[in-house]
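Just below is one structure, and these are the notes that go with it.
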Amino acid sequence: VELTVVGADDSVRRLRARYVIAADGGSSLTRAQLNVGYEGRTYEDRWVVIDTEMLKPWPDHDRLRFRCDPARPAVDCPTPLGHHRWEFPILPGDDEKHLTTDDAIYAMVSRYGIGRDRIRILRATVYSHHVRFANRFRVGRVFLAGDAAHAMPPWIGQGMAAGVRDAANLCWKLAAVLRGELPESVLDSYEAERKPHVKEVTRRAVLVGRLITERRLPVARVRNTALRAIRPVPGLTSRLVDANWIPVASYAQGFQARPRTKASGCQIPQPWVTGPDGERVRLDDVLGGRWLLLHLGPPRPQPAWERAGVPSLAVLPAGSRPAENAVVDSDGVLLPWLAERDATTLALRPDAYVYAAARAGAQLPPPPAGFAPTSRPAAVSAQ
């Protein structure tokens, strides 16, 4: 790929690269130059987003709230480094320019007990909610990622997270291709795996947004009555709060062995485990971003994978003594997860998704065609 890059000082450079990841936002010039459609819709409602510095804390300032006020719903959100954000819809008859002024902002936040002595306004801007997907995530040697590939409303906080998942899915594959570990065809699995999941995340974001921002008074009264009715039910409110509103990524298609199993295409959990040295660590720290065979109990021979040099790791039950090439499932998460999927041996990709699985005593499907892993981890540094 040849790129013409214009710097902030108007300098022009030409670069050549084997591959390009275009993460240049919802208005992606790369996507436009490649003539890739960006299908979907932009909602009529426009919102003003306000970033502030917190000068004086207030009760529960560190809790995210959706203010379901039919008169003017609001997002009330703590952000890092002592900052706070509000988002308000621009209603019919509002002066959009006025709503970004300090006087209008202080008037809107004052209804929640926030005075001028508590915050300093850093920025106020207006934006629209989008639900859009690029027709293709890949054009030859160019890949679209983040908002350049998809845009969603902010209601479940997954816009940036979806872009991070894009990078996590794509970069280890690019690294493997560049090192000669996998054939170039593996890059076709990027869209096949990411697009269905990001569409489902977006669908849920839209549903949550409709619930939060309902402004029709009769419908809002029904919503409020229903929510108040379930609050006294023991444990129900906490279960709703703790519910996983974000769909777990599970790939029905893409880069995985055939025949599929219940574990195929699933990402393994990320519990705390006891490593070989007896230290309590996250599982990813032991997996190390590499191809790995994970066994329930002592490793079973898997000749095709062993010839390819793929290491093995045993999962031992809680209470076991730490051992070399093993992790202890000290929180009791991994063993039930494996049992639920009827798997005793997994072949894990560097992104901790299951490439292949086998029951007790069975052989795993062979490694992918053209598979030639090296000992180097799959991480790609951000330069």
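Applying the condition of being free of Cβ contacts under 8 Å to residues at least 40 places away in the same chain and closer than 15 Å to Leu55 by Cβ to region 87-108 and asking which residue is least open to solvent (accessible area, probe 1.4 Å) yields Tyr106.
A quick yes/no check of all residues on (1) at pLDDT 95 or above; (2) out of contact with any Gly (no Cβ under 6 Å at 6 or more places or on another chain); (3) under 30 Å from Glu191 (Cβ atoms):
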| residue | (1), (2), (3) |
| --- | --- |
| Leu236 | no, yes, no |
| Asp242 | no, yes, no |
| Ile246 | no, yes, yes |
| Ser250 | no, no, yes |
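The single condition from (1) open to solvent by less than 30 Å² (accessible area, probe 1.4 Å); (2) without any contact (Cβ under 8 Å) to a residue 40 or more places away in the chain; (3) of a type in the set (Val, Ile, Thr) that Thr79 fails is (1). Looking at the structure I just gave you, is Leu316 touching a Phe, Trp or Tyr at 6+ places or on another chain (Cβ under 9 Å), over 17 Å from Ala175 (Cβ atoms) and open to solvent by less than 60 Å² (accessible area, probe 1.4 Å)? Against the criterion (touching a Phe, Trp or Tyr at 6+ places or on another chain (Cβ under 9 Å), over 17 Å from Ala175 (Cβ atoms) and open to solvent by less than 60 Å² (accessible area, probe 1.4 Å)), Leu316 does not qualify.
Of all residues in region 288-302, those satisfying the criterion of being assigned to a strand (DSSP E or B) and either open to solvent by 10 Å² or more (accessible area, probe 1.4 Å) or closer than 16 Å to Arg349 by Cβ (or both) are Leu292, Leu293, Leu294, Leu296.
Can you tell me which residue is surrounded by the most Cβ atoms within 10 Å (Cβ to Cβ) among those in region 112-151 that are among the basic types (Lys, Arg) and not in a loop (DSSP other than H, G, I, E, B)? Looking at residues that are among the basic types (Lys, Arg) and not in a loop (DSSP other than H, G, I, E, B), I get Arg138.
Apart from one condition, Gly37 fits all of (1) at pLDDT below 90; (2) under 25 Å from Gly146 (Cβ atoms); (3) among the small types (Gly, Ala, Ser); the exception is (1). Being modelled with pLDDT of 90 or more and touching a helix residue (DSSP H, G or I) at 6+ places or on another chain (Cβ under 8 Å) is a description that does not apply to Gly180.
Among the numbered criteria (1) surrounded by 13 or more Cβ atoms within 10 Å (Cβ to Cβ); (2) under 25 Å from the mean Cα position of the chain (by Cα), which single criterion is violated by Arg72? For Arg72, the exception is condition (2). For region 335-383, filtering for residues that are modelled with pLDDT under 90 and not in a loop (DSSP other than H, G, I, E, B) leaves 0. Please determine whether any residue of region 267-275 is over 22 Å from the mean Cα position of the chain (by Cα) and at pLDDT 95 or above. Checked region 267-275: at least one residue is over 22 Å from the mean Cα position of the chain (by Cα) and at pLDDT 95 or above.
With a requirement of 3 or more residues that are of a type in the set (Ser, Thr, Tyr) and surrounded by 13 or more Cβ atoms within 10 Å (Cβ to Cβ), the helices (runs of 4 or more DSSP H) lying completely within region 154-269 that satisfy it span 189-212. Residue check, Leu292 against (1) among the aliphatic types (A, V, I, L, M); (2) in contact (Cβ under 8 Å) with a residue 12 or more places away in the chain; (3) in contact with a Phe, Trp or Tyr (Cβ under 9 Å, 6 or more places away or on another chain), all met but one. Which one? In the conditions (1) among the aliphatic types (A, V, I, L, M); (2) in contact (Cβ under 8 Å) with a residue 12 or more places away in the chain; (3) in contact with a Phe, Trp or Tyr (Cβ under 9 Å, 6 or more places away or on another chain), Leu292 misses (3) alone. Among the basic types (Lys, Arg) and within 21 Å of Ala205 (Cβ to Cβ): is that true of Arg111 in this structure? When the stated conditions are applied, Arg111 does not pass them.
Can you tell me which residue is farthest from Tyr112 (Cα to Cα) among those in region 12-58 that are of a type in the set (Ser, Thr, Tyr) and open to solvent by 50 Å² or more (accessible area, probe 1.4 Å)?
We begin by selecting, within region 12-58, every residue of a type in the set (Ser, Thr, Tyr); these are 19, 27-28, 30, 38, 42-43, 52.
After this cut, where a residue has to be open to solvent by 50 Å² or more (accessible area, probe 1.4 Å) as well, the list is 27, 42-43.
Numbers: Ser27: 35, Thr42: 29, Tyr43: 27 Å.
If we take residues in region 12-58 being of a type in the set (Ser, Thr, Tyr) and open to solvent by 50 Å² or more (accessible area, probe 1.4 Å), then Ser27 is farthest from Tyr112 (Cα to Cα).
Please specify each residue of region 321-334 satisfying the condition of being in contact (Cβ under 8 Å) with a residue 24 or more places away in the chain and either outside any loop (DSSP other than H, G, I, E, B) or within 17 Å of Asp277 (Cβ to Cβ) (or both).
Pro322, Ala323, Glu324, Asn325, Ala326, Val327, Val328, Asp329, Ser330, Leu334
Answer yes or no as to whether Trp305 is touching a Ser or Thr at 6+ places or on another chain (Cβ under 9 Å), among the aromatic types (Phe, Trp, Tyr) and outside any loop (DSSP other than H, G, I, E, B). In short, yes.
The values are calculated or read from the model by the stated rules, or taken from the named source; none is laboratory data. Being a predicted model, the structure only gives us computed values, none of them experimental. Neighbour counts run over all protein chains shown; Cβ positions are idealised from the backbone, glycine included. Accessible surface areas use protein heavy atoms only, side chains included; no ligands, DNA or RNA. Shrake-Rupley method; radii C 1.70, N 1.55, O 1.52, S 1.80 Å.
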